[in-house]
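What follows draws every value from the coordinates through simple rules; no lab data is involved. Since we're looking at a predicted model, the values are computed, not measured. Cβ coordinates were reconstructed from backbone atoms using ideal geometry, including for glycine residues, and neighbour counts include every protein chain displayed.
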Amino acid sequence: MVTEHSDIEALTPYARSLGIALERWEDGTPVFSIGFSDIIEGRPAHMHGGATGGLLETAGYAVLRAELDRIGRVASLKPINITVQYLAAGRELTSYARGRITKLGRRSANITVEAWQDDPARPIATAVMNVMMVTENQ
Amino acid sequence: MRAKRALSARTMDAPASPPAAKFDPAAATPFFTSRGHAGWLGLQYSDHGDDWVELELPWREDLLGESAQQVLASGPILSLMDMASGLAIWKAMDDFRAIATLDLRVDYVRPARVKASVFGRAQCYRLTRSAAFVRGLAHDGDGDDPVAHIQAVFMKIAVDPRKPHGD
């Protein structure tokens, strides 16, 4: 069981309750997973697009939190927007997601996230997120 | 072809008599929200028009984003808007056919109020043979003061949706 400090901060009550878990760390980047279950099912035997989006968002915030933690920056994160591209139907399999910070600015960050199931080379969905970072003295 | 005529009838001129509704969002929503992800979220029917549907996402403690702030996470808002978009498309088509989300964009313009239900209103403003275009908003009681705006594109699925790789 991975017990990095940032996984406690990264998992929101929503993510925990949906069944999203921190799977592993890859080069300082958290990889999240979610097993298929009734509560993430949309049309029969397929993942709901909203649950896929929730997984992508969770991985996006977590990679940013991990980086801010690493460089010692304290900020609360506020969503600006997310654009999700659904590339393939999510089947009755475990899904994974990991984010990458494309640009870390002073006030906002741009993050790309990918979600996949059995083959990381064939993502089922990708997302681009812009996140506002608010510090205490702002 | 009947669906097509019904669509062209709901332009600026009000039809003399409304087309026979084949898809009723008020009746259909409990079917979709009795199970699966929508059921888990507790989505409820709120309102609808010819080409739009509004659903309610009741406030719930385990759907919070930042624990320190008593505000809904943005994930449930994605799910709410995805579901409302689907219903709006079926209402606009006046038919229930398998569809899949292709692209969904959410702009979070302000946080939802503490312990407030969030309402998701989606409008299918354009249907083509294979795609459906949707815009919408999420609000926490006042539709003129949204918490989020959305844009989405869905694709109609031609084959049996129960078969894997069906899209």
Residue of A:ALA125, A:ALA59, A:ALA97 that the Gaussian network model of chain A assigns the largest fluctuation, springs spanning Cα pairs under 10 Å: A:ALA125
Residues with amide H under 5 Å from that of B:VAL147, placed H, sequence gap 5 or more: B:ALA138, B:HIS139, B:ASP140
Karplus 3J(HN,Hα) series, Hz, for region A:57-62 with 6.51 cos²θ - 1.76 cosθ + 1.60 (x for Gly, Pro): 4, 4, 5, x, 5, 5
Estimated vicinal HN-Hα couplings, Hz - region A:70-85 in sequence order (Karplus 6.51, -1.76, 1.60; Gly, Pro = x): 5, 8, x, 9, 9, 8, 9, 9, 10, x, 9, 7, 9, 10, 9, 9
Table column - 3J(HN,Hα) (Hz), region B:152-158, Karplus curve with 6.51, -1.76, 1.60, x for Gly and Pro: 8, 10, 10, 10, 6, 9, 7
FRET efficiency, 1/(1 + (r/R0)^6) with R0 30 Å, evaluated for B:ARG126 and A:ALA45 via beta carbons: 0.55
Shielding by partners - mean other protein chain Cβ count within 10 Å, residues of A:16-22: 3
Region B:26-88-region A:16-57 distance, computed between alpha-carbon centres (Å): 18
Sequence-distant residues sharing a close amide H with B:ALA131 (under 5 Å, placed H): B:LYS156
Translational D in µm²/s for chain A (Stokes-Einstein at 10 °C, 1.306 mPa s, Kirkwood Rh from C-alpha pairs): 105
